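Report on one structure; see the data block that follows.
The values are calculated or read from the model by the stated rules, or taken from the named source; none is laboratory data. Computed from a predicted structure; not experimentally measured. Glycine gets a Cβ as well: all are built from the backbone with ideal geometry, and neighbour counts include every protein chain shown.
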Amino acid sequence: MEVFLWTFVAFSVVLNRVTGSHVPENSGVCFPRGFAFGVATASYQIEGAWNISGKGESIWDRYTHAHPERVFDHNNGDVAADSYHQWREDVALLKHLGVSFYRFSISWSRILPSGFSNEVNEDGIKYYAELISALESNNIAPVVTMYHWDLPQPLQDLGGWTNPIMADYFVDYATVLFDRFSSSVKMWITFNEPLSFCHDGYGGDDAPGGRSSGIETYMCGHNVLRAHGKVYKLYQDRKKQNKAPGWIGITLDMPWMEPATTAREDQEAAEIARQFIFGWFAHPIFSKEGDYPEIMRKRIDEKSRVQNFARSRLPHFTANEVRSIKGSFDFLGLNHYTTYLASPAESHSPGKEPTFEDDMGVRITQKENWPKSNSTWLRIVPWGFRRALNWIKTSYNNPPTLVTENGISLAPGTHDPKRINYIDSYLRALHDAILKDKCHVIGYTYWSLIDNFEWMRGFSERFGLYQVDYTSPKRTRTARLSASYFGQVANTLCLPENYVEYTVTN
Ligand code: GBH
């Protein structure tokens, strides 16, 4: 592992910890010393306390209250796993697992109730400060997501991410976070999955809901990229002033897109899908050219012309913006869950509304015989993980990558060998990607520490290593079998024997 030794050392410094004490009883599949294991959650999905102690309303509060019928089980995150009150219990679980970091997100409207930085909610600051200090005293590094989808409602009333001014308000919010927390927090993630919240939020069923896919989706993406570039710069300037170490990046979701057949048009379709789904945000930041992927620019410009728009629905960056967004990362946060098959979509009938899907023009499916989870979109395909990592390595010159989410939903219950199989098979694929393919991956995060509010699927999909009892007042957490498995991996950096079920083959 000489190749990445220095990143591991640097990462360990950032995390203030070196992991890796090997035990004899393992499968021989061991991650390099310094490689880090952690778990993740997000504010709206676990905290509850939606209107307590000065917290303002977020778009998810507004949306789930206005449209309970749109959420699968008509639930909402008003209480969720009640981590606002049960966070000490969460820290105990993290300690029990023995993970070296905890990725969680900060609720913007808990810190700035109106979204603007003129009024800071000290109770909100105190909540995160206490959590962070408890993590520190247990030697668990905080990895903080600044935005995991819960925009303050007053900012949505101004157009949310479709309004270019949002980039400046995000800088104001980031300034407060850096002022208050950057002495303890050394790993920052600006955004979680802009594809999800721009596509599903401004062009689909997620909050804020009821928008327009082929137009607002791209406006959102554009302003999020601008906001990310500005906050990256802010952080670099502060690092220089304070001479303090710290890393900042962005988390992007990349399902693997496999050509449906070896036919040339399927291979092309798969590459177009990768560019639309991942390259949309990755290319402006991680490629050496910067800006949107060429194929996206070309397809959306052409479609817009045919549809009689006077200009492309995909906005343009200024030359300065291209420059400031390009290279705006210390690391890539990667969420990866599953794999899809790609082939060209049947051509679209003119006169329909413009959509992201129509612009992309790719038919996306999955193979029926790929093992299922409890989520319609998630099948177990570990080899796709290795391919995705290799594609990133080749496309963007092997950026330091932290896997910020990987996980599976299963039916309720604590006996979850299938989750163990999922994690184990994905970790084997990751191990091959690191050791054999030299992909620059520095850590792995399981989604999620505990069951939580799974957005439009409510509480019906459970991803936790710990089960949450939503009927108990304290939202009691109970360890699943997978918690002991993952704890063992986190502590030894090695995969235990006898957990291989889904082999890494195509
Ligand atoms: C992550 O997104 C999120 O970051 C996290 O908050 C979430 O809890 C976790 O996944 C598990 O879902 O229902 O067919 O419309 C992963 C990417 C994008 C996958 C949206 C599910 C909806 C598919 N997600 N997608 S569908």
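Using the structure shown, decide if Glu346 is at pLDDT 95 or above and either part of a loop (DSSP other than H, G, I, E, B) or in contact with a Lys or Arg (Cβ under 6 Å, 6 or more places away or on another chain) (or both). Considered against the rule, which asks whether it is at pLDDT 95 or above and either part of a loop (DSSP other than H, G, I, E, B) or in contact with a Lys or Arg (Cβ under 6 Å, 6 or more places away or on another chain) (or both), Glu346 comes out as no.
Residue check: Thr404 meets all listed conditions (1) surrounded by fewer than 20 Cβ atoms within 10 Å (Cβ to Cβ); (2) assigned to a strand (DSSP E or B) but one, namely (1). Sub-7 Å Cβ pairs linking a first residue in segment 410-428 that is farther than 20 Å from Asn26 by Cα to a second residue that is of a type in the set (D, E, K, R) and part of a loop (DSSP other than H, G, I, E, B), at least 6 apart or interchain, are Leu410/Asp416; Thr414/Arg480; Asp416/Arg480, ordered by first then second residue. The residues of segment 187-219 that are within 15 Å of the ligand (Cβ to nearest atom) and part of a helix (DSSP H, G or I), listed by number, are Pro194, Leu195, Ser196, Phe197, Cys198, His199, Asp200, Gly201, Tyr202, Gly203, Ser213, Thr217. Quick one: Thr492 ticks every box in (1) modelled with pLDDT of 95 or more; (2) of a type in the set (Val, Ile, Thr); (3) farther than 30 Å from Glu289 by Cα; (4) out of contact with any Cys (no Cβ under 8 Å at 6 or more places or on another chain) bar one, so which box is it? With (1) modelled with pLDDT of 95 or more; (2) of a type in the set (Val, Ile, Thr); (3) farther than 30 Å from Glu289 by Cα; (4) out of contact with any Cys (no Cβ under 8 Å at 6 or more places or on another chain) applied to Thr492, the lone miss is (4). When residues in segment 364-387 are screened for being of a type in the set (A, V, I, L, M, F, W, C), more than 12 Å from the ligand (Cβ to nearest atom) and either part of a strand (DSSP E or B) or surrounded by fewer than 23 Cβ atoms within 10 Å (Cβ to Cβ) (or both), 3 of them pass.
Within segment 226-259, the set of residues being more than 22 Å from Pro142 (Cα to Cα) and outside any helix (DSSP H, G or I) comprises Met254, Pro255, Trp256, Met257, Glu258, Pro259.
Take segment 403-420 and flag every residue that is more than 14 Å from the ligand (Cβ to nearest atom) and more than 21 Å from Arg477 (Cβ to Cβ). Hits for segment 403-420: nothing passes.
Filtered by the rule that a residue be within 30 Å of Pro32 (Cα to Cα) and out of contact with any strand residue (DSSP E or B) (no Cβ under 8 Å at 6 or more places or on another chain), segment 432-471 gives Asp432, Leu435, Lys436, Asp437, Lys438.
Residues that are in a loop (DSSP other than H, G, I, E, B), basic (Lys, Arg), surrounded by fewer than 19 Cβ atoms within 10 Å (Cβ to Cβ) and at positive phi: does segment 459-475 have at least one? No, segment 459-475 has no match at all.
One residue stands out among those in segment 330-363 that are within 23 Å of the chain's Cα centre (by Cα), within 17 Å of Met296 (Cα to Cα) and buried (at least 19 other Cβ atoms within 10 Å of the Cβ): the one that is nearest to the ligand (Cβ to nearest atom), which is Phe356.
As a summary of the residue check, Pro399 satisfies the conditions (1) in a loop (DSSP other than H, G, I, E, B); (2) within 15 Å of the ligand (Cβ to nearest atom) except for the one numbered (2). Of the candidates Pro400, Pro417, the single residue that is of a type outside the set (Val, Ile, Thr) and touching a strand residue (DSSP E or B) at 6+ places or on another chain (Cβ under 6 Å) is Pro400.
Within the set Asp168, Asp266, Asp206, Asp237, the sole residue that is without any contact (Cβ under 8 Å) to a residue 60 or more places away in the chain and among the acidic types (Asp, Glu) turns out to be Asp237. Of the residues making up segment 255-271, those that are among the β-branched types (Val, Ile, Thr) and surrounded by 23 or more Cβ atoms within 10 Å (Cβ to Cβ) number 0.
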